[in-house]
Amino acid sequence: MSVSELRPNQEIDASAVALTSGTSVANSELRKQTLMVVDDYQSNLQAMNALFEYQYQVVLFDNAKDALTHAQQESVDLILLDLDMPDMHGYEACTELKSNPLTAHIPVIFVTASDSSDDEAHGLLLGAVDYITKPVNLTILRARVRNHMELVYYRKQLEILSSVDGLTGVANRRQLDTVLLQQFASTIRFGRCMTLMMIDIDDFKPYNDLYGHMQGDDCLKRVAHAIQSVRRRESDFVGRYGGEEFAMVLPDTDLEGGLVMAQKLLQTVRALNIEHQGATAADRVTISIGLTVYEAKQEYPEHISVEELIKLADRQLYAAKRDGKNRVNYYQVPKLPTPIKDEPQHE
Ligand SMILES: Nc1nc2c(ncn2[C@@H]2O[C@H](COP(=O)(O)OP(=O)(O)OP(=O)(O)O)[C@@H](O)[C@H]2O)c(=O)[nH]1
């Protein structure tokens, strides 16, 4: 049971957003950092709450089992963990946290009455970042929690920086590859569908030649932002594939839904009204889209790799360029067999 969830998330750091404006990664950084306290004594929980509630979002648990479940489902930045608890020993709880990929990254500080150096060594060897003995010196506890929270904050900043494209602010190629791979695997595993769109700015070389590279960069940023603005669900994902090419991954989206999104993209970029005297399809900047829908159908299993999925979408992108640009071409996997027509009747 969660004893109390004390304060709603609040914005604390606008700089995280400035770095990555428009990305979903940045949104997660708007929260106040979350400190979880696990201790079977209510008085200890209340004391910790009083100590930290003004700085952090504090979540209190009087048993380890519920705390572990919560840590797997919600964002937790640091855990203060008691050792002697009736439902589970702190060592066991720490071992579970560290062996689960969903919680392994969360730093754990043991706060315990056990002051033997063997216990401390054991706790640290299990992966805890610190070990504090009771009775606690509140100034030291506060300082150590602050230090570890700072490390968590900077680690997250590094993760953001290494996953965001510096020019456009959308996810970079590395992050795109990771998300696409994960999404494709889960689509197959859970028998779902997904849409992948490869999106390319039309006649971008002549744009750079006519208006200069700096204006070209500006155009890329505006188009990236426009593509990002079309996302409807939190799970919709936009990344820069390279150069003037972007990719959009839409989980649980079939052909009909994918085409609606593609039309919206075409229209949103046209509506930017970025003048382009050298464009072939219009007098302004447009995009072309190659769209592939993958449906994990049991009756027609088609085993393709994520690389093949990208290739199929790319092929449609080239077809869209060949057909006059400013349009979407699509392909559906698996290609369903055409119904067998009745044999003509011979008289
Ligand atoms: N300004 C700017 N230009 C870039 C960037 N990345 C790639 N480009 C340019 O994008 C242009 C892409 O040109 P091409 O691949 O020939 O394609 P295109 O002219 O758009 O022609 P189509 O794709 O057939 O419409 C090249 O001139 C690249 O230099 C970038 O970060 N900034």
Which residues, counting only those in segment 59-95, are under 24 Å from the mean Cα position of the chain (by Cα) and either touching a residue at least 12 places away in the same chain (Cβ under 8 Å) or not assigned by TED's automatic domain parsing to the domain that holds residue 116 (or both)? 59, 67, 68, 70, 71, 72, 74, 75, 76, 77, 78, 79
Reported set for segment 215-236 where residues are hydrophobic (A, V, I, L, M, F, W, C) and in a loop (DSSP other than H, G, I, E, B) is 230
Which is touching a Phe, Trp or Tyr at 6+ places or on another chain (Cβ under 9 Å) and either modelled with pLDDT under 95 or assigned by TED's automatic domain parsing to the domain that holds residue 304 (or both), of 231, 222? 231
Could you please let me know if residue 280 is in contact (Cβ under 8 Å) with a residue 60 or more places away in the chain, surrounded by 19 or more Cβ atoms within 10 Å (Cβ to Cβ) and polar (S, T, N, Q)? no
Count of segment 198-214 residues which are part of a helix (DSSP H, G or I) and near the ligand (Cβ under 8 Å from one of its atoms): 8
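For (1) under 18 Å from residue 199 (Cβ atoms); (2) of a type in the set (Phe, Trp, Tyr); (3) touching a helix residue (DSSP H, G or I) at 6+ places or on another chain (Cβ under 9 Å), each residue gets a yes or a no:
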residue	(1), (2), (3)
252	no, no, yes
263	yes, no, no
266	yes, no, no
276	yes, no, yes
283	no, no, no
286	yes, no, yes
297	no, no, no
Do we have residue 168 as of a type outside the set (Gly, Ala, Ser), touching a residue at least 24 places away in the same chain (Cβ under 8 Å) and outside the structural domain of residue 69 (by TED's automatic domain parsing) here? yes
Against the condition assigned by TED's automatic domain parsing to the domain that holds residue 309, in contact (Cβ under 8 Å) with a residue 60 or more places away in the chain and more than 19 Å from the chain's Cα centre (by Cα), how does residue 202 come out, does it pass? yes
Would you tally the residues in segment 166-183 being away from the ligand (no atom under 15 Å from the Cβ) and of a type outside the set (A, V, I, L, M)? 6
Note on segment 108-142: residues assigned to a helix (DSSP H, G or I) and closer than 12 Å to residue 80 by Cα are 141, 142
Within segment 245-266, how many residues turn out to be within 19 Å of residue 183 (Cα to Cα) and within 16 Å of the ligand (Cβ to nearest atom)? 2
Could you say which residue among 167, 151, 181, 158 is at pLDDT 95 or above and outside any loop (DSSP other than H, G, I, E, B)? 151
I want to confirm something. Restricting to segment 184-197 and keeping residues that are buried (at least 21 other Cβ atoms within 10 Å of the Cβ) and not hydroxyl-bearing (Ser, Thr, Tyr), which single residue is nearest to the ligand (Cβ to nearest atom)? 197
Quick one: in segment 222-244, of everything that is surrounded by fewer than 16 Cβ atoms within 10 Å (Cβ to Cβ) and closer than 13 Å to residue 165 by Cα, which residue is nearest to the ligand (Cβ to nearest atom)? 243
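The values are calculated or read from the model by the stated rules, or taken from the named source; none is laboratory data. Since we're looking at a predicted model, the values are computed, not measured. Every residue, glycine as well, gets a Cβ built from its backbone with ideal geometry; the counts of neighbours run over all protein chains shown.
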